[in-house]
């Protein structure tokens, strides 16, 4: 079942639910919890005014591309942020401009959801369960790889389950109760402590080589929630990755911004700037909390200065760098930031840029029944 729109009583602009909806082009608005019960029947969502009208309204007509809107040329070597196989198919059906998309970024947790896997249970279940987990992730990656166009690749963000998220998909393995999971044991910190995940990763890579042959090199690995070069070097050594397997890094904490030159020098093959998390850590504003929505600003000068530092440091080191951008921020970033190698965007927003010059293109309406 597909939603035409989502109305909710909580959540932030770049929370996980909002991000999934953005990838599908599904409009989302938050209203007061007390008003939810009144939204019955057909409703019309107005995203710009952040309002909802009960009942239908006449169509305003399709809106074309406005003057000054970003074009496919502005995207550079684009990266699509995807949740499943359908997103690759959606992007690659956009005609000749689909070739502008050089890579597809997928979180390992989303592969687990699609395959019905419980990662922590599998990794805590002994050698057979660990092997089955590694092969299952490889199976999903192979299916994704088969949908790629020539010269496209997959970027897998290694498993990054916060304890509050892990508790919802774990039945048997112990999950720590943390007072602040966002700042807790996840990302590179958790990966460094798991020999079981290392074993599963090796089995996954072996399965990819067996099934894809040379095309296994089209699947790249990326480290989530990294702080500095020492952590990057420790993790690469802990994972025991062969020299030919490239490892890229996500820059999404102020510490990682400061350490960008050293992370490049430590051998990071590529950098991805995770703006959504970077904003919340720079501004101490939870991206999933609507109560601090006014403080969560994706264009804040401090955030832009951090992104600028990363892009300039990566350029100086000769390391490719890609910056995540919301569709509404892309033009602003193009004007106020040095140009990265490419931008990362959610599927629906990227598709809109790819199709905007097509003569029969029209934006979807934001109406839901």
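Every number in this text was worked out from the coordinates using simple rules, so none of it is lab data. Remember, it's a predicted structure, so these values are computed and weren't measured experimentally. When we count neighbours, we look across all protein chains shown, and the Cβ atoms used for this are built from the backbone with ideal geometry, even at glycine.
Tabulated values for the structure
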{"quantity": "Quotient of C-alpha Rg and 2.2 N^0.38 Å, computed over region 172-234", "calculated": "1.40"}
{"quantity": "Packing-based exposure ordering (other Cβ within 10 Å, fewest first) of 194, 248", "calculated": "194, 248"}
{"quantity": "Spatial separation of Cα centroids for region 340-356 and region 255-292, in angstrom", "calculated": "21"}
{"quantity": "Highest-MSF residue in the chain out of 17, 344, 204 [GNM, Cα springs under 10 Å]", "calculated": "17"}
{"quantity": "Radius of gyration and Dmax over the Cα atoms of region 15-174, both given in Å", "calculated": "20.2, 60"}
{"quantity": "Net length gained if the chain between residue 233 and residue 56 were fully extended (0.36 nm per residue, minus Cα distance)", "calculated": "58.0 nm"}
{"quantity": "For 106, 52, 251, order by how many other beta-carbon atoms lie within 10 Å, fewest first", "calculated": "52, 106, 251"}
{"quantity": "Contact order relative to length of the chain, as percent, for alpha carbon pairs under 8 angstrom and 6 or more apart", "calculated": "22"}
{"quantity": "Taking region 6-54 and dividing mean pair separation by its residue count, relative contact order in percent (alpha carbons under 8 Å, at least six apart)", "calculated": "34"}
{"quantity": "Rg(Cα)/(2.2 N^0.38 Å) for region 232-292, N = residue count", "calculated": "1.35"}
{"quantity": "Rel. contact order, % - alpha carbon contacts under 8 angstrom, at least six apart, region 150-224", "calculated": "50"}
{"quantity": "Computed label-point distance, nm, for sites residue 192 and residue 289 using a 7 Å Cα→Cβ extension", "calculated": "2.6"}
{"quantity": "Whole-Å distance, taken between Cα centres, linking region 88-159 and region 182-240", "calculated": "14"}
{"quantity": "Percent antiparallel among DSSP beta bridges (both partners in the chain, rounded to 5)", "calculated": "20"}
{"quantity": "Separation between Cα centres of region 321-335 and region 1-39, rounded to whole Å", "calculated": "23"}
{"quantity": "MRE, 222 nm, helices only [DSSP H, n ≥ 4, -39500 (n - 2.57), over the chain, to nearest 500]", "calculated": "-11000 deg cm²/dmol"}
{"quantity": "Of 43, 81, 257, the one that fluctuates the most in a GNM where the chain has Cα springs shorter than 10 Å", "calculated": "43"}
{"quantity": "Theoretical gain in end-to-end length, residue 69 to residue 331 [0.36 nm per residue, Cα-Cα removed]", "calculated": "93.6 nm"}
{"quantity": "Calculated over region 6-54: convex hull of Cα atoms, volume per residue (Å³)", "calculated": "77"}
{"quantity": "Residue with peak Gaussian network fluctuation, the chain [Cα springs, cutoff 10 Å], from 134, 12, 55", "calculated": "55"}
{"quantity": "Simple spin-label estimate for residue 113 and residue 302 in nanometres, 7 Å along Cα-Cβ", "calculated": "3.0"}
{"quantity": "Pair residue 42, residue 85: separation of 7 Å Cα→Cβ label points (nm)", "calculated": "3.7"}
{"quantity": "Convex hull volume per residue in cubic angstrom - Cα atoms of the chain", "calculated": "147"}
